[in-house]
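Just so you know, all these numbers are worked out from the coordinates, no wet-lab data involved. Here the structure is a predicted model, which is why all the values come from computation and not from measurement. Note that we place each Cβ from the backbone using ideal geometry, even for glycine, and neighbour counts take in every protein chain shown.
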Amino acid sequence: MSSVFVLNQQRAPLDPVHPGRARYLLRAGYAAVWRRYPFTIILKEPQPATPPSPLRLKFDPGSKTTGLAVVNDATGQVVFAAEITHRGQQVRDRLDQRRGVRHSRRSRHTRYRPARFANRRRPAGWLPPSLESRVANVLTWVTRLRRLGPIGAISQELVRFDTQLLQDAEMSGVAYQQGELAGYEVREYLLEKFQRTCAYCGATNTPFEIEHLIPKARGGTDRVSNLALACHACNTAKGTQTATEFGHPDVQRQARTPLKDAAAVNTTRWALWRRLSASGLPVEVGTGGRTKWNRTQRGLPKTHWLDAACVGASTPAQVRITGIVPLRITAQGRHSRQMCRTNAAGVPDKAPKATSVVGDLRTGDLVRAVVPATSVKAGVYVGRLAVRATGSCNLKTATGTIQGIHVRYCQPLQRGDGYSYAIGAALPPHA
Ligand SMILES: [Zn+2]
C-alpha cells in the first residue's frame with residue numbers, strides 16, 4: 001500500500017503512515033485531510049517531538065515521463081510512487097502558434113519596420129521552454145514532496161552509462177560480461193553508440209543483442225571495441241564471420257571509434273542536477289546501466305517508477321513494492337495567455353478570452369458536484385473543473401467530460417495546482 005503523508009500541527013512532515021492508520025485518525029477526529037493528491041493528513045493534536053526517519057526521493061527523468069519514488073533506505077519499503085507526464089510537446093506547439101500569430105500581425109500592421117529577430121541574448125543556463133518545463137515539473141514535485149514527507153536525500157539518474165568507467169573504454173579495455181554491473185554499463189554505452197539501431201540492417205525498436213565483430217570462436221575479445229549492436233536476425237546470419245567478411249567494414253570502423261563525450265550529455269538532466277544540488281539536500285547520481293542492473297537483480301518489471309526506485313548505489317538490497325500503485329500526475333499548464341482566439345490565418349475572429357473564475361472556483365480545481373434529482377444531470381461527480389462564464393461548467397471526470405454542471409453544485413476538494421491526477425494501474429500479482 002502507498003503510505004499516507006502526515007503533517008503535524010506546525011505543518012512539518014512526520015513519518016508517513018499506513019492507510020488504515022490514516023483512516024482511523026480521520027474517523028476518530030484526530031486528523032483532517034490536508035491534500036487529496038498525494039493523500040496527506042494533518043494532525044489536530046500536538047505531537048511529542050520525535051524526529052521522523054529520513055526518506056530518499058528518487059527519480060528517473062525522462063523526456064515524456066519522469067518516474068518518481070520515495071523510498072525508506074533502512075527498510076527498503078517504497079513509501080510513495082508517481083509518474084509525471086510532461087507537456088513538452090504542448091509547450092512547443094503553443095509557442096509555434098504564438099510565433100505564427102505575431103508574424104501575421106506584424107506583416108499586417110508594421111510591414112516597413114526593420115526586422116529584429118537576431119538581437120536577443122540568452123542568459124547562461126538557458127533551456128528551450130519545452131525542456132525548461134520538464135525541469136520545472138520535477139523541481140515542483142521535489143519541493144512539494146519535501147513539504148509532505150521527511151525527505152533527507154535525493155537520488156537522480158544523470159547519465160545513461162558511467163562516463164568515468166567508459167571514458168576511454170575502447171582503449172582501456174573494459175570488457176563486457178553478462179550480468180555484471182560493468183556489463184550493463186557497456187550495454188547502455190553500445191545502445192548510445194549505435195543509436196539504438198542494428199549496426200547491420202538499421203532496424204530499430206527490436207530487442208538487440210551484443211554482437212562480437214571478430215567472433216569469440218575465432219579469438220575475438222569481450223573488449224568494447226570488438227562489440228556492436230545487432231538484431232537477432234543479423235546476429236544469426238553473421239554467424240562466425242567477421243563484420244568485414246559479412247560485408248560491413250563500416251561497422252568495424254565505427255566500433256573502433258570511441259563515442260564522443262558530448263553524445264552522453266543530456267542538457268535537461270544536467271540542468272536538473274545543478275538546480276537540485278542548490279537545494280541543500282545531498283544528491284546522489286546514478287547511471288542508466290546501474291538502474292537497469294539494480295532492477296534486474298531485484299527481479300522488478302520495467303516501469304518508470306520502478307526505474308526511479310532502483311536509481312543509484314544506495315538502492316536497498318530488497319525493494320519492497322507490495323500493493324504500491326503509482327499516482328499518475330499530468331502537467332496541465334495554467335490557462336492560455338492568448339487574449340483572443342484566432343482563425344487559421346492568425347486573424348482574431350472569436351470572442352475575447354473569457355473568465356476562468358466563477359464564484360470561488362477556478363479552472364483546474366478538483367471538485368465534487370452533487371447535482372439534485374430535479375436536474376437532467378442528476379448524480380454525484382468528481383473531476384477537474386473547466387470554468388464557463390455562465391457558471392454552467394465542464395467537469396473532466398475519470399470516465400469522460402460532463403458538460404453543463406453548474407458551479408452552485410460544486411464543492412472544491414483540492415485547488416488547481418497545474419497538474420491533474422489519476423491512480424495508475426497496479427502491477428499484476430505475479431510481477
Ligand atoms: Zn539487423
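Summary table
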{"quantity": "With Cα atoms, 0 to 90° folded angle of helix 288-297 axis to the chain main axis", "calculated": "90"}
{"quantity": "Size of charge dipole - the chain - debye, nearest 20, with Cβ of Lys, Arg +1 and Asp, Glu -1, no other charges", "calculated": "2640"}
{"quantity": "Cα gyration tensor shape for the chain, rounded if a/c is under 1.5, else prolate or oblate", "calculated": "oblate"}
{"quantity": "The chain: most fluctuating residue of A81, A369, A351 per GNM, C-alpha cutoff 10 Å", "calculated": "A351"}
{"quantity": "Shape call, segment 304-431: gyration tensor on alpha carbons, a/c limit 1.5", "calculated": "oblate"}
{"quantity": "Magnitude of the charge dipole, segment 178-278, Cβ model with Lys/Arg +1 and Asp/Glu -1, debye to 20", "calculated": "280"}
{"quantity": "Selection from G220, Q403, G312, by position along the positive dipole direction of the chain (Cβ)", "calculated": "Q403"}
{"quantity": "Point-charge dipole on Cβ atoms (K/R +1, D/E -1) for segment 325-378, about Cα centre, debye to 20", "calculated": "100"}
{"quantity": "Under-5 Å amide H pairs with L213, H placed in peptide plane, nonlocal only", "calculated": "L227, A228"}
{"quantity": "Segment 10-24 - phi-based ³J(HN,Hα) in whole Hz, Karplus 6.51/-1.76/1.60, Gly and Pro as x", "calculated": "8, 6, 8, x, 10, 4, x, 10, 5, x, x, 5, 5, 4, 4"}
{"quantity": "Under 10 Å, Cβ to Cβ, from T363 - net charge with Lys/Arg +1 and Asp/Glu -1", "calculated": "+3"}
{"quantity": "Computed Kirkwood radius, in angstrom, where 1/r is averaged over Cα pairs of segment 31-115", "calculated": "18.1"}
{"quantity": "The chain, helix-only ellipticity at 222 nm - DSSP H runs n ≥ 4, -39,500 (n - 2.57), divided by all residues, nearest 500", "calculated": "-8000 deg cm²/dmol"}
{"quantity": "Fluctuation leader among Y24, Y112, Y421 - the chain, Gaussian network, Cα springs under 10 angstrom", "calculated": "Y112"}
{"quantity": "Phi to ³J(HN,Hα) by Karplus 6.51 cos²θ - 1.76 cosθ + 1.60 over segment 143-156, Hz, x for Gly, Pro", "calculated": "4, 5, 5, 5, 6, 9, x, x, 6, x, 7, 10, 10, 10"}
{"quantity": "Charge dipole of segment 29-131 about the Cα centre (unit charges at C-beta), most positive-ward option of P54, F117, P128", "calculated": "F117"}
{"quantity": "Listed residues L68, L158, L281, most fluctuating in the chain (Gaussian network, C-alpha, under 10 Å)", "calculated": "L281"}
